[in-house]
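The values are calculated or read from the model by the stated rules, or taken from the named source; none is laboratory data. Note that the structure is a prediction, hence the values are computed from the model and not measured. Note that each Cβ is placed from the backbone with ideal geometry, even for glycine, and that neighbours are counted across all protein chains shown.
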Amino acid sequence: MSEANQKGSSWTMLLDYGPLLVFFIAYKLAGSGLQGSLVATFAFMVAVIFSIAIGLAVLKRVSPMVWVSTVLILGFGAITLYLRDPRFIQMKPTVIYIGFAALLGGGLLRGKALLKWLFGPVFPGLSQEGWLKLSRNWAFFFLALAVANEVMRATLTFDTWLTLKVWGVTIVSILFALANMPMLLRHGLDPDKKTEAVAETPVE
């Protein structure tokens with residue numbers, strides 16, 4: 001992989017996962033409980049704005065998936081702060097996952113791989129068949145994440161939910177993306193840029 005691609009992959013990874021890490025650290029520093037969750041939510045909102053700004057300045061692009069996620073983070077974050085109820089920021093992932101799953105599923109019914117639009121140009125050389133299979137896989141994965149988030153939200157404390165959201169869901173999402181790599185390579189993905197493709201996973 002070229003030095004430019006490695007740099008792009010590093011920035012993509014940082015911008016994708018940085019706000020989640022800020023969310024986690026802010027909560028731990030602010031202390032548990034309602035106050036901690038509100039401080040963390042505000043920090044999360046600020047972090048995603050900075051992430052968008054840095055993405056535009058450094059990478060010259062931000063994928064539609066990140067734009068959608070950012071809008072929802074700001075919306076649910078504002079509701080959380082206004083009502084002083086952390087349940088709303090916890091609901092945000094479920095809404096995102098269901099929305100993306102529905103979008104991808106609707107595209108598949110029309111024979112269109114909308115994941116190509118959501119992810120942006122991170123899978124160079126991938127054939128249409130590869131995009132359709134990847135869209136199908138991520139649609140089912142998003143549904144599974146939505147169910148998992150609701151189960152965690154209903155049964156766990158905010159502290160435990162946040163820990164699993166930041167570390168557990170992130171790790172599972174990266175592993176899922178890696179598990180798709182053999183299929184992507186069989187359908188034309190450029191091996192020289194596969195790390196960048198893995199880096200951009202929708203975990204927020």
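Considering (1) in contact with a Phe, Trp or Tyr (Cβ under 8 Å, 6 or more places away or on another chain); (2) without any contact (Cβ under 8 Å) to a residue 40 or more places away in the chain, say which one residue 110 fails and leave the rest.
Condition not satisfied by residue 110: (1).
Looking at 65, 13, 1, 45, can you tell me which residue is in contact with a Pro (Cβ under 7 Å, 6 or more places away or on another chain) and either aliphatic (A, V, I, L, M) or at pLDDT 95 or above (or both)?
65
Would you confirm whether any residue within region 93-100 is among the hydrophobic types (A, V, I, L, M, F, W, C), assigned to a helix (DSSP H, G or I), free of Cβ contacts under 8 Å to residues at least 60 places away in the same chain and under 30 Å from residue 40 (Cβ atoms)?
Within region 93-100, one or more residues are among the hydrophobic types (A, V, I, L, M, F, W, C), assigned to a helix (DSSP H, G or I), free of Cβ contacts under 8 Å to residues at least 60 places away in the same chain and under 30 Å from residue 40 (Cβ atoms).
Here are 94, 70: which of them is touching a Pro at 6+ places or on another chain (Cβ under 9 Å) and either closer than 21 Å to residue 18 by Cα or charged (D, E, K, R) (or both)?
None of the other options fit; the residue is 70.
Mind checking which residues of region 158-171 are touching a residue at least 60 places away in the same chain (Cβ under 8 Å) and not hydrophobic (A, V, I, L, M, F, W, C)?
Of everything in region 158-171, those that are touching a residue at least 60 places away in the same chain (Cβ under 8 Å) and not hydrophobic (A, V, I, L, M, F, W, C) turn out to be 159, 163, 165, 170.
Considering region 21-76 alone, what residues qualify as being part of a loop (DSSP other than H, G, I, E, B) and over 22 Å from residue 164 (Cβ atoms)?
60, 61, 62, 63 - these are the residues of region 21-76 that are part of a loop (DSSP other than H, G, I, E, B) and over 22 Å from residue 164 (Cβ atoms).
If the requirement is being touching a Lys or Arg at 6+ places or on another chain (Cβ under 6 Å) and not β-branched (Val, Ile, Thr), which of these qualifies: 44, 76, 50, 88?
On inspection, the qualifying residue turns out to be 76.
Among what's in region 41-66 and is touching a residue at least 40 places away in the same chain (Cβ under 8 Å) and not β-branched (Val, Ile, Thr), pick the residue that is surrounded by the most Cβ atoms within 10 Å (Cβ to Cβ).
Applying the filter and picking the extreme gives 44.
Any residue at all in region 116-126 that is touching a residue at least 40 places away in the same chain (Cβ under 8 Å), touching a helix residue (DSSP H, G or I) at 6+ places or on another chain (Cβ under 6 Å) and within 30 Å of residue 34 (Cα to Cα)?
no
Kindly list the number of the only condition in (1) among the basic types (Lys, Arg); (2) under 24 Å from residue 34 (Cα atoms); (3) surrounded by 15 or more Cβ atoms within 10 Å (Cβ to Cβ) that fails for residue 84.
The number of the failed condition is (3).
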